[in-house]
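Here is the structure we will look at.
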Amino acid sequence: IITANAPTVAVDYRQFTGAPAEKVVTVPNGIDVKTIQLLTSADRAKKRLTLGLGSKDVVVGTVARLAKEKDFETFLRAVALSREKLPVLRSLIIGGGPLRVHLESFASSLGLANSVQFLGERKDVGEVIQCYDAFLLTSVIEGMPNAVMESQLLGVPVVATRAGGTIDLIRDGETGLLASIGDHQALASCIVRLFTEDGLWGRISLAAKKQIKECYTIEQLVGRTETVYRDLLDRNAESVTAPCA
């Protein structure tokens, strides 16, 4: 059996390996809901201050490796275009990677030197995400991104490209907003819509959080994984002569 962490990834595995459909099983990623530590409103305000954010700043952030597959040029173009209608928009980027120097230069070329911060690798990712007003992911390829799941659980609406298992987490307009890969104009429209359409931000925040708590917990991941092994053992009971160590 080959396990995939999202239905869309399972399709890719079947095509890549040539394995029959029944040999590829989907076991979605899970989040440990019980370990999430939520910031109070006061603590969030203090944390934002430490990040150089003002009370009126609207923050679109992300957590991703600064590498080609995350398509940060599209990310930065989308932020720059969004700022034409949302001048209070700022961006925080958590993550290291080989493209950092290039991306900092690219951000400056778009006039974003004072509105985009590259934070590097952090140990307080969960707290920083709670300082975001939206999470933006512009990948060209993905599995089932834990960063999206964690943002949804924390009540931070996600805008993302239709890459890999992201589309299995986001029902467009309900649990997030989706745009085509590489389309910075569509992504910018989603960002602006999120903050200007009456009630949309709140609806997405609540629906996405509910989805994670009901469908993507660590307990469900463990249970689904156990089911895969039990089915295999039951199917091959006659050839199993001794338990695994």
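Among 54-65, 217-228, sorting by the average number of other beta carbon atoms lying within 10 angstrom of each residue, highest first, gives 54-65, 217-228.
Would you please name the GluC sites (Glu not before Pro) within the range 134-210 that are DSSP coil residues with at most 15 other C-beta atoms within 10 Å of their C-beta?
Here the sparse-neighbourhood loop sites are 174, 197.
Tell me the carbon and sulfur percent of the accessible area for the range 35-171, rounded to whole percent, probe radius 1.4 Å. Show your work: numbers first, answer last.
Details: 3060 of 5930 Å².
Carbon and sulfur together cover 52 percent of it.
Our note on the geometry: Cα centres of the range 150-183 and the range 208-224, 17 Å apart.
Report for the chain the percent antiparallel among DSSP-assigned beta bridges with both residues inside it, nearest 5. That works out to approximately 5 percent antiparallel.
Going by accessible surface with a 1.4 Å probe and the largest first, 131, 215 read 215, 131. Per-peptide packing, taken as the mean over residues of other Cβ atoms within 10 Å, places 120-128, 36-44 in the sequence 120-128, 36-44 from highest down. Compared with the rule-of-thumb size 2.2 N^0.38 Å for a compact globular protein, the range 201-240 has a Cα radius of gyration ratio of 1.87. Straight-distance candidates among the lysines for linking to residue 56, with alpha-carbon spacing under 19 Å and chain neighbours fewer than 8 residues away dropped: 46, 47, 85. Remark: the range 178-190, residue by residue, has Karplus-estimated 3J(HN,Hα) of 10, 9, 5, 4, x, 9, 5, 5, 5, 5, 4, 4, 5 Hz, where x stands for each Gly or Pro and the curve is 6.51 cos²θ - 1.76 cosθ + 1.60 at θ = phi - 60°. Expressed to the nearest 5 percent, the antiparallel share of DSSP beta bridges inside the range 58-196 is 5 percent.
Straight Cα distances below 16 angstrom link residue 34 to the lysines 209, 210, 213, with same-chain residues fewer than 8 positions distant left out. Compactness of the range 29-95, taken as the C-alpha radius of gyration over 2.2 N^0.38 Å, stands at 1.35. Using the Kirkwood radius over C-alpha pairs as Rh, can you work out the diffusion coefficient of the range 3-125 via Stokes-Einstein at 37 °C, viscosity 0.692 mPa s, in µm² per second? Answer from the Stokes-Einstein relation: 190 µm²/s. At a temperature of 25 °C and a viscosity of 0.890 mPa s, determine how fast the range 56-160 diffuses translationally according to Stokes-Einstein, using the Kirkwood radius over alpha-carbon pairs as Rh; express D in µm²/s, rounded to the nearest whole number. Rounded, D is 180 µm²/s.
Carbon-plus-sulfur accessible fraction, the range 180-245 (probe radius 1.4 Å, protein heavy atoms only): 55%.
Largest first, the three principal axis extents of the alpha carbons in the chain are 67, 38, 34 Å in whole numbers.
At 1.4 Å probe size, with every protein chain present, just tell me what the per residue accessible area of the chain comes to in Å².
51
Against the empirical 2.2 N^0.38 Å (N residues), the range 79-217 has a Cα radius of gyration ratio of 1.01.
The values are calculated or read from the model by the stated rules, or taken from the named source; none is laboratory data. These numbers were taken from a predicted model, which means no experiment stands behind them. Quick reminder, even Gly has a Cβ in these numbers, built from the backbone with ideal geometry, and neighbours come from all protein chains shown. Surface accessibility is based on the protein's heavy atoms, side chains included, excluding ligands, DNA and RNA. Shrake-Rupley method; radii C 1.70, N 1.55, O 1.52, S 1.80 Å.
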